[in-house]
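Let me begin by presenting the structure, written as structure tokens, before commenting on it.
No lab work stands behind these numbers, since they all come straight from the coordinates. Source: prediction; values computed, not measured. Here the Cβ positions follow ideal geometry from the backbone for every residue, glycine too, while neighbour counts run over all protein chains shown.
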């Protein structure tokens, strides 16, 4: 009591019993209570399933869903499935990576245009970016199937300029699958890029040109480094779903373009080989995690330079 | 300066904008196809191309009953998942922005991870859990709903958190200075300010849930949602009514966005 009165003159003007600052202990507990239901949901239906997945991937493959599996700690599941399915796995990383790069190129132009060149149409252009994606993913992908079909306008035009042979086609080729991936995941690239580029202080770019840097040099020395956070999150948000996707490979490709998602899905639902599907899922997850960590590290150090 | 030079200059200055507009056109190409095909009268069920104009698809959207039942199931799941995910996610966002406690970093990580995991991995681990827990035979409406709430949650938290973090604290301070109680301040000041964020999160949840295929397909058993229906008919001939649904979804979302923008402008005018 005496201590608090003594301290009163130097204490800030706000009295301690101000209603928006209840005692720290009570506020702390409120935080936990608010968090509890959502966290429980995530724990039970996101974290624990990973444990089930790990367990499933180590079951004895001779069991079945109906009779149940025996836990056999079969690490060989991993080698066997990798041996059987390394091609679609590598292909997925390759398609996903390429699609991400194309998305980055297209997305950067669009995000830059919206942030710096659109003036009062900024909000409208942002809405236009998101609007197509409220229409079902599958229905849109079916539209691409129609656009890229063998006697369709695009194929005929490409044949006319001899970019495609007279019996050349787009459907059932890697081009169609990658184009589908680019299309479907482009907004995941544009929005984080826009958020980053929009924040850049224009005066920095003007300063570069005042100091006689050519626009292209100014871009690579000022704009690009400042937009790196958006580049990193955009590429991750595109790459991760693109690698795991199998809708584009199924609708626009052929069995030759099977991606790892197709394999996992059919092992679960058609072949009922849960341990193999689990092992493949785990490998995909670990692979992506390793790549993301490596990439974020690299990008992080670049940002510091 | 010759007109040609001037034109060249103009093109140079607007090159990026042109590029951006071209990308937007590219994004809209399939939408035009969807709208066009919704008026298509196909000659054969197996060849997917525009043959002749008809209004029949719009007048009789439910020719294939299974499409409409899949659609209504998707809407039900979408609405339920949206309500639960929005409520739980908003509470979490308030906790993460407004409260300081130990373990915040862990909570933030747990919110982030579902957004950074491939859907196929999340879907297969959930399936592994359901099977291991003995629900392998009861996959359907409820397992889909559980999965949808799970992956919508993180997006709600992130959206509402962004809105809350950008909020001007002074308005709440002012309310309290004017003798509003904590509950009154929350109801009359905080909530209206955060509401656009919550609404955006709910819209995002609904469209994520409505559109999900990969996770749903693994955990659906014999239940069919709208994307699963489309997936099924993609192999054996697509009824044009699918495009009617696609067009309506597009129009409804545009209407919501435009309505929200007009409402915002009206409020701004009222304040000014």
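Values as computed for the structure displayed
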| read-out | value |
| --- | --- |
| For peptides A:237-250, A:102-115, sequence by mean Cβ density within 10 Å, most packed first | A:237-250, A:102-115 |
| Highest average packing first - B:239-250, B:105-116, Cβ atoms within 10 Å | B:239-250, B:105-116 |
| Region B:208-263-region A:168-219 distance, computed between alpha-carbon centres (Å) | 29 Å |
| Separation of alpha-carbon centers, region A:101-166 and region A:253-298, rounded to whole Å | 27 Å |
| Burial ordering of A:220, A:116, A:134, fewest other beta-carbon atoms within 10 Å first | A:220, A:116, A:134 |
| Residue among B:81, B:174, B:165 with the largest mean-square fluctuation in a Gaussian network model of chain B, springs linking Cα atoms under 10 Å | B:174 |
| Point-to-point label distance, residue B:41-residue B:83, nm (Cα→Cβ direction, 7 Å offset) | 4.3 nm |
| Prolate/oblate/rounded call for chain A, Cα gyration tensor, a/c under 1.5 rounded | oblate |
| For residues of B:254-263, the mean tally of beta carbons on other chains within 10 Å | 2 |
| Semi-axes of the equivalent ellipsoid for region B:167-242, Cα gyration tensor, largest first, Å | 48, 12, 8 |
| Ranking of B:261, B:119, B:102 by count of other Cβ atoms within 10 Å, fewest first | B:102, B:261, B:119 |
| Packing-based ranking, highest mean first, of A:179-187, A:210-218, A:144-152 given that Cβ atoms within 10 Å are counted | A:179-187, A:144-152, A:210-218 |
| Over chain A: helical MRE at 222 nm, DSSP H runs n ≥ 4 each giving -39500 (n - 2.57), nearest 500 | -22000 deg cm²/dmol |
| Stretchable slack from residue A:293 to residue A:219, in nm (0.36 nm times residue separation minus alpha-carbon distance) | 23.9 nm |
| Candidates A:86, A:41, A:121, ranked by Gaussian network fluctuation over chain A, Cα under 10 Å, top entry | A:41 |
| The protein assembly as shown pair-distance distribution - Cα-Cα, 10 Å bins, rounded % | 3, 14, 24, 26, 18, 9, 4, 1, 0, 0 |
| Cα convex hull of region B:38-173 - mean projected area over all directions, nm² | 13.9 nm² |
| Cα gyration tensor category, rounded, prolate or oblate, for region A:154-275 with a/c compared to 1.5 | oblate |
| Number of partner chain Cβ atoms within 10 Å, mean per residue of B:103-109 | 2 |
| Global geometry of chain B, whether rounded, prolate or oblate, following the gyration tensor of its Cα atoms and the 1.5 cut on a/c | oblate |
| Cα centroid of region A:28-89 to Cα centroid of region B:102-126, whole Å | 13 Å |
| Average beta-carbon neighbours from other chains, 10 Å sphere, peptide B:206-217 | 3 |
